[in-house]
Amino acid sequence: MNNPRLSIRYAQALLDLSVERGEVEAARKDMELLLRVCNENAGLKQMLSSPVINADKKISVMRALFSEKISKLSMAFINLIIRKRRESLLYQIAGKFGELYLEYKNIKTARITSAVPLQEEVRSELVSLLEEQTGSQIRLTEVVDAEIIGGLIVKIENSLFDDSIRKKLQNLRKEFSVNVYTREI
């Protein structure tokens, strides 16, 4: 079952409660652990989605897996989700919680694509420039793509800045393909 609105509501509820109790960082770590375990173990996601397995069995499995590793708040939240028969959304809820956490902490992810790996000095200068421009803390994701030839492509949320050599060459091709010269008869 895929229900993004419901996932966001539950994730927001967990964030609000964890903020209220001062356990935001613990909840973030717990949801990251849940995501990681679900990604590594497809059987766990199948078990959570299965309508055949009853809620008590699912709760006991989740307790066995996580009770020593996550906070009481997160464990109680997982139990509540299972009791409300929303366990198939648990993976999505954990993912949405991560997104809401970044928004709460005013952290934006910038994806930088370059032809060669960035030097540390350039990377730190770029991060400080982006933080100044956005007013947010920047988390950098780097991608090396030799096909852009040179320059950078910076993507933050819905904004894209493409200053790559490949893009400049494409623009030149477009310009030259337009015939501005018309012969008079």
query: Which distance in nm do the two modelled labels at Glu25 and Ser67 give, with both placed 7 Å along the Cα-to-Cβ direction?
result: 2.7 nm
- prompt: Using 0.36 nm per residue, how much length does the chain from Asp56 to Ala146 gain when fully extended, once their Cα-Cα distance is taken away?
  reply: 27.1 nm
- request: Quick one: divide the alpha-carbon radius of gyration of the stretch 107-177 by 2.2 N^0.38 Å and tell me what you get.
  value: 1.19
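Ignoring everything except DSSP H segments at least 4 long, calculate the 222 nm mean residue ellipticity for the chain; use -39,500 (n - 2.57) per segment, divide by total residues, nearest 500.
-19000 deg cm²/dmol
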- prompt: Say R0 is 25 Å: what FRET efficiency, to the nearest 0.05, do Arg111 and Arg9 get from their beta-carbon distance?
  reply: 0.35
task: In a Gaussian network model over the chain where Cα atoms closer than 10 Å are linked, find which of Leu169, Leu100, Leu129 has the largest mean-square fluctuation.
output: Leu169
- request: Calculate how steeply helix 90-104 sits against the longest principal axis of the alpha-carbon atoms of the chain, using the helix alpha-carbon long axis, and give the answer as 0 to 90 degrees to the nearest 10.
  value: 60 degrees
- prompt: Helix 55-66: angle to the longest alpha-carbon principal axis of the chain, degrees 0 to 90, nearest 10?
  reply: 70 degrees
statement: Rg/Rh of the stretch 4-103 (Cα atoms, Kirkwood Rh), to two decimals, equals 0.93
- prompt: For Asn39 and Glu120, what does the FRET efficiency come to when R0 = 25 Å and r is the distance between their Cβ atoms, rounded to the nearest 0.05?
  reply: 0.25
message: Could you tell me the calculated FRET efficiency between Glu131 and Glu32, based on Cβ-Cβ distance and R0 = 30 angstrom, to the nearest 0.05?
response: 0.85
query: Antiparallel DSSP bridges in the chain: what percent, to the nearest 5?
result: 60 percent
- prompt: Want the number for Gln170 to Ala76: 0.36 nm per residue separation, take away the alpha-carbon distance, what's left?
  reply: 28.4 nm
task: Note down the magnitude of the dipole of the chain about its Cα centre, charges +1 on Lys and Arg C-beta and -1 on Asp and Glu C-beta and zero elsewhere, to the nearest 20 debye.
output: 1040 debye
statement: With label points set 7 Å from each Cα along the Cα-to-Cβ direction at Arg139 and Ser49, the distance between them in nm comes to 2.5 nm
message: As I understand it, the value is the acute angle between the Cα axis of helix 120-134 and the longest principal axis of the Cα atoms of the chain; what does it come to in degrees, rounded to 10?
response: 80 degrees
task: Once you have the Kirkwood Rh of the chain from its Cα pairs, apply Stokes-Einstein at 25 °C and 0.890 mPa s and quote D in µm²/s.
output: 124 µm²/s
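Each reported figure results from applying straightforward, stated rules to the coordinates on display, with no laboratory input. From a predicted model like this one, the values you see are computed outputs, not experimental measurements. Cβ coordinates were reconstructed from backbone atoms using ideal geometry, including for glycine residues, and neighbour counts include every protein chain displayed.
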